[in-house]
Amino acid sequence: MISSIVNSTYYANVSATKCQEFGRWYKKYKKIKVERVERENLSDYCVLGQRPMHLPNMNQLASLGKTNEQSPHS
């Protein structure tokens, strides 16, 4: 029935109020659906905790900090 309404093939007496109510619901539904698809597409590219290969790992950064603390100027 919903697809018939969306495709304008539902032939029944529907009040203007019900049409507007359905229109509001459908807009919200489409917006949520689009946002969900966008999030799913982003998840293909963004993985939490994944570090880009060109950045040093945490052990390398820690050793850099130690060498700076033990500089001969102190």
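Coordinate-derived values only; no laboratory data. This is a predicted model, so every value here is computed, not measured. Counting neighbours? That spans all protein chains shown, and the Cβs are built from the backbone with ideal geometry, glycine included.
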- Task: Please give the contour-minus-distance gain from residue 11 to residue 30: 0.36 nm per residue of separation, less the Cα-Cα distance, rounded to one decimal in nm.
- Result: 4.5 nm
- Query: Which of the lysines could be linked to residue 18 by a straight reach, that is with a Cα gap under 23 Å, when you skip same-chain ones fewer than 8 residues away?
  - Reply: 27, 28, 30, 31, 33
- Note on the structure: Lys and Arg at +1, Asp and Glu at -1: neighbours of residue 24 with Cβ under 13 Å from its Cβ sum to +4
